[in-house]
């Protein structure tokens, strides 16, 4: 992420938004089960909200600096693994839920996003859920904070077909303004 993004994502305002709006909206009516993975948590604002809900979870983060911050901040409540969501270092069928919040647009191409969706399907247990949020990137401010940063937004209308192509079923997408939430399941 670029410096502007780092400032925003490490702010108190973003932490409050993640805890009181983003995570509750994304997980409304979503049954997580007991083995939860969050991919791409960055500074951990959403991780903080999740730990308060579920107690313990795994996170997968690409950037080693963020991994260290997460380890210091959460200690034994969060198992932090440095790795790439396109080749997750987990066995098949491990997690009851895989979650991600406002990170899909940071994956540098449509093909790589689809690879992440396939990996999510692989690590989900039968009946497990993939859920989260992202932005459509329509606003000027959103575009400005991504200058010099990766920004490959996903059309929410295309997301259900892409999730099904990755082997997930029952995809649901709800758009509100410039954001959307989604969910889909691995077949039983």
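Every read-out reported here was derived from the displayed coordinates using simple, explicitly stated rules and does not represent laboratory data. Please read all numbers here as calculations on a predicted model, not as lab measurements. Every residue, glycine as well, gets a Cβ built from its backbone with ideal geometry; the counts of neighbours run over all protein chains shown.
One table, with the values for the structure above:
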read-out	value
One residue from 34, 42 being surrounded by fewer than 19 Cβ atoms within 10 Å (Cβ to Cβ), in contact with a strand residue (DSSP E or B) (Cβ under 8 Å, 6 or more places away or on another chain), under 25 Å from residue 184 (Cβ atoms) and touching a residue at least 40 places away in the same chain (Cβ under 8 Å)	34
Subset tally (residues that are on the phi > 0 side of the Ramachandran plot and either without any contact (Cβ under 8 Å) to a residue 60 or more places away in the chain or surrounded by fewer than 18 Cβ atoms within 10 Å (Cβ to Cβ) (or both)) for segment 84-117	1
Selection status of residue 163, under 21 Å from residue 37 (Cβ atoms), in a strand (DSSP E or B) and under 15 Å from the mean Cα position of the chain (by Cα)	no
From 80, 59, residue being free of Cβ contacts under 8 Å to residues at least 40 places away in the same chain, surrounded by 14 or more Cβ atoms within 10 Å (Cβ to Cβ) and more than 18 Å from residue 128 (Cβ to Cβ)	80
